[in-house]
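The next block holds one structure in the form of structure tokens; read it before the comments.
The values are calculated or read from the model by the stated rules, or taken from the named source; none is laboratory data. Nothing here was measured: the structure is a model prediction, and the numbers come from that model. Every residue, glycine as well, gets a Cβ built from its backbone with ideal geometry; the counts of neighbours run over all protein chains shown. Accessible surface is based on the protein model in full, side chains and every heavy atom, while ligands, DNA and RNA are left aside. Shrake-Rupley method; radii C 1.70, N 1.55, O 1.52, S 1.80 Å.
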Number of protein chains: 2
Amino acid sequence: MATDDPPAQPEEPVVIEATTAPRGDATPRPGTTAELAPLDPDEARAAALEIREIAEQRADDDDGDASAVTLQLPTSAVPADEPLSVDELRDAWDVLDIAERLDGVRLLPREDAEDFFIALPAVDQVAVVLALRPGDQRSWLRLLEPDDVADVVQEAPEDQRGRLLGLLDGPTRKEVEALLAYEEDEAGGLMNPRYARLRAQMTADEAISYLRRQARSRLETIYYAYVLDHDQKLLGVVSFRDLFRAPPTRVVSEIMEREVVSANEELDQEALSRLFAEHDLTVVPIVDAQGVMKGIVTVDDIVDVVREEATEDAQKFGGMEALEVPYLQSRRREMIRKRGAWLTVLLVGEMLTATALGFFEKDIAKAAVLTLFIPLIISSGGNSGSQASTLVIRAMALGEVRAADWWRVMRRELATGLALGVLLGVVGLVRILIWGVAGAYGDHYFLIAGAVSFSLIGVVMFGTLAGSMLPFVLRRIGADPASASAPFVATLVDVTGLVIYFAMAHIFLHGTLL
Amino acid sequence: MATDDPPAQPEEPVVIEATTAPRGDATPRPGTTAELAPLDPDEARAAALEIREIAEQRADDDDGDASAVTLQLPTSAVPADEPLSVDELRDAWDVLDIAERLDGVRLLPREDAEDFFIALPAVDQVAVVLALRPGDQRSWLRLLEPDDVADVVQEAPEDQRGRLLGLLDGPTRKEVEALLAYEEDEAGGLMNPRYARLRAQMTADEAISYLRRQARSRLETIYYAYVLDHDQKLLGVVSFRDLFRAPPTRVVSEIMEREVVSANEELDQEALSRLFAEHDLTVVPIVDAQGVMKGIVTVDDIVDVVREEATEDAQKFGGMEALEVPYLQSRRREMIRKRGAWLTVLLVGEMLTATALGFFEKDIAKAAVLTLFIPLIISSGGNSGSQASTLVIRAMALGEVRAADWWRVMRRELATGLALGVLLGVVGLVRILIWGVAGAYGDHYFLIAGAVSFSLIGVVMFGTLAGSMLPFVLRRIGADPASASAPFVATLVDVTGLVIYFAMAHIFLHGTLL
């Protein structure tokens, strides 16, 4: 424990006053500000009934899992005039339109409604806020922490952003504006600027009472406190637990951990989530290039990031642009645009197969039997390519495979591709020989079987190699490796597959069918 | 605040004595038990050099992200005799074999080595432990929390499990054995049985001093304490922060939150991760069917779950069985088995296309030009199906789409599929007309263009529908929706695509080419 370099006098820590109400870690209990005009009784009953019906239908067949969450009410036993519960609204939420959602929120007891609103994803929060009367928007927006407000503003249409910012009180608006300077997907865009600060010379006891006072304010967490020097540079971190178990008179600089894992404000959120996973962290302080502390990111925000990134990757891998809203909420127009764009590109790519087959049209006219195996051969190439690219994309996302590993991956995939090709080649050979003996493919069935079998070996090897290397190529040119989608790889492999097949056919069938 | 039902006398909370050393939340500082025989100096230098070389190579081109993590050393500036750093080992780790990994761990300062070991995934921990001398295994295994030990034992080969359990001290062994009764992927398998307990009648001040004493023991967290009745049933939860801001003489039962979101011990880990996300939770208490508290799951474990589930889903969607180890560490044999099995199944399925095309062999012989468009048409079906199934699989994993929503999804996808089909049909039409005018497809090119264009509409609609409904079907029969992989959907759609195409060809070309 180094006590010989007492840090310089830090600035007096800033305690930010609660502007609406204190919000604890466990149970946010917002104040009295977010009131909505109640629905008239008939409307209320009708809306509650409709939402309850949807909730029951969706809750019942959610593969039995829902019943294992203990707060869930047995919905079928709810009497008709029982007020709507937050769990019912949650069950129905994903399929409700915005008017129904607003009715649902208005039907809840106020405290439940606020807790429910705070836990919503930003894209839903912005829809709710914008659907409220301007007078209500202010109080609901003020329920949120600055980092969440920043997300809401980012999700809002551009012409609404300035107005939403205007609804905040002065200090919060400044915090939010500072956060808006970051990209949505970098560490700075995820962080909360309200963290607990300590001075290095405080004793453990002083630090604890000091944090006790801060417990009333709107800090993200008081369980980790950061020790800063007079330039706001990060000197160390101390957990509440360590303060607690230290002798009361020991000073913070002797208790704190100096080797802090921190992240630069511009770090990409995917890399940040790897940092959390690699070090098993709960909170990461965010610093700028000069080491000045900017805020903290907590692990619960990282769960959302990991889910979001996995969804984007999956959608890209499925061969489309990533959607920005939940599937059931996305507009049809946008959906068609995002899916149609890629399908068209792939169709245009696939047209090369028509061109390639054009060169073999005479062969086909001579030996129509060759056509029978075209789908089988090209799809085997596509399937093996899609396997290989998934493996590499996913391992890259987890940080297991890095750019420098392309050669390791290639060696592995060459060997694997050969083995898989031989496996499929044998299966194909057996199938064609059996049908051939039964007379399906004419006299030269054994030659056809040979051509198909060797084509399968070649196509599978090529597919495996192309699928595993494409993510590296995409990353190299600055694109997202996840765009090496199953359809993209398949299209890439199809033309080659056809060329390999007809080349094999020429070798095997020259002088007989061709 | 209900003070009128004071809970019955709970059992005296159990404080579990630290068996090796206390481990804080922020900075685990294990004790003196985990020592390894040092390498001899020459070996040490050679091993350090090799690991450093790999680390430099892999760190340098990790798309610039690595440099944004501030603890990273500028590796190129490290003098040759500098001891190996934990960051260097971490950079090289994924490509090292087990002997190199062990050397790396031995080269680190002991405290760093232990921290590094504790943060490893279970599959790596078990490999390290099993590679150690039996005498060392005990002390390293004892560094881990009971839930982590349970994971390690579960990952170990069956014949080693009993022996590993025998290395633990009595109380821990009992805890671990209780955890091993759960499936790996259910809430009980993730929970830590060491949580902070309070009695309902304690005052806030008593509770704080009581937790202060517990801060020295090996509890997962002291920041959330659970209030139990005499049957160990969960009465409420209180955050440290709420205790802190309460008047010192108020009793816990007045401060605690009674509406606790808890999860049943058998809840599937995917549903558990949704629970965390939906409620923005940091800790969830796990209870049995009778409401008896069993342990807690913290959000940092959920990050691993979400990553793991996303990886499994991606691998299944890529058309293979999920791997259980990182890509670069998986054995070639296992890799070939897991990929080969699905490829063979798909090949056998794809052989139906040969059978289907067999029926049209005479058509093909008459009009070889039809063959040119086969790959284009079937791949368009596969691509649109793969898009649709990704969307549905991912939305199901996030809980946005539930089984009851199949009809909503079908309506959406019918409309979307029609729009996408028309889009591709028009693109296909234009392409063939242009080439046709240039003389590529003979006299009847406009009829061919019509047949291809209408086939595209039909195939895309069918692909979209099949791709979006298959995950529902799989879920209904108890299979994983993620198995509705791109290759699976493509294979399913190919035969139908061929039938649609030749049907259209008959309609358009009857009396001319056919």
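Residue pairs whose Cβ atoms lie under 8 Å apart, sitting 6 or more positions apart in sequence or on different chains, and linking a residue in segment B:140-163 that is farther than 12 Å from B:E177 by Cβ to a partner that is hydroxyl-bearing (S, T, Y), are B:R142/B:T19; B:R142/B:T20; B:R142/B:T33; B:R142/B:T172; B:L143/B:T20; B:L143/B:T33.
When we screen B:R307, B:R332 for residues that are at the interface with chain A (Cβ under 8 Å from one of its Cβ atoms) and surrounded by fewer than 16 Cβ atoms within 10 Å (Cβ to Cβ), the only hit is B:R332.
Residues in segment A:274-289 that are more than 7 Å from chain B (Cβ to nearest Cβ) and modelled with pLDDT of 90 or more were compared, and the one that is nearest to A:E220 (Cα to Cα) is A:V283. For segment B:373-381, state whether one or more residues are under 22 Å from A:E334 (Cβ atoms), more than 7 Å from every other protein chain (Cβ to nearest Cβ) and in contact with a helix residue (DSSP H, G or I) (Cβ under 6 Å, 6 or more places away or on another chain). No, the conditions are met nowhere in segment B:373-381. Going by the structure shown, is A:E321 open to solvent by 40 Å² or more (accessible area, probe 1.4 Å) and touching a Lys or Arg at 6+ places or on another chain (Cβ under 7 Å)? Yes; evaluated as a whole, the condition is true for this residue. Every condition in (1) over 13 Å from the mean Cα position of the chain (by Cα); (2) charged (D, E, K, R); (3) open to solvent by 20 Å² or more (accessible area, probe 1.4 Å) holds for B:K338 except the one numbered (3). Scanning segment A:291-304 for residues that are within 7 Å of another protein chain (Cβ to nearest Cβ) and open to solvent by 10 Å² or more (accessible area, probe 1.4 Å) yields a count of 2. Residues that are touching a residue at least 60 places away in the same chain (Cβ under 8 Å), in a strand (DSSP E or B) and within 14 Å of A:V251 (Cα to Cα) within segment A:190-212 comprise just one, A:L198. Residue pairs whose Cβ atoms lie under 9 Å apart, separated by 6 or more positions or on different chains, with the first residue in segment A:300-321 and among the hydroxyl-bearing types (S, T, Y) and the second assigned to a loop (DSSP other than H, G, I, E, B), are A:T311/A:A322; A:T311/A:L323; A:T311/B:L398.
For segment B:409-453, a residue qualifies if it is charged (D, E, K, R) and open to solvent by less than 60 Å² (accessible area, probe 1.4 Å), and the qualifying residues are B:R412, B:E413, B:R431.
Counting only residues that are within 18 Å of A:A263 (Cα to Cα), of a type in the set (F, W, Y) and buried (at least 22 other Cβ atoms within 10 Å of the Cβ), segment A:182-225 holds 2 of them. When A:A354, A:A314 are checked against the criterion of being at the interface with another protein chain (Cβ under 7 Å from one of its Cβ atoms) and open to solvent by 20 Å² or more (accessible area, probe 1.4 Å), a single residue qualifies: A:A314. Restricting segment A:86-104 to residues that are part of a loop (DSSP other than H, G, I, E, B) and touching a residue at least 24 places away in the same chain (Cβ under 8 Å), which is nearest to A:E43 (Cα to Cα)? Applying the filter and picking the extreme gives A:L96. Looking only at residues in segment A:454-492 that are without any contact (Cβ under 8 Å) to a residue 60 or more places away in the chain and under 19 Å from A:A403 (Cβ atoms), the one that is least open to solvent (accessible area, probe 1.4 Å) is A:L474.
Of all residues in segment A:360-372, exactly one satisfies the criterion of being surrounded by fewer than 18 Cβ atoms within 10 Å (Cβ to Cβ) and in contact (Cβ under 8 Å) with a residue 60 or more places away in the chain, namely A:K366.
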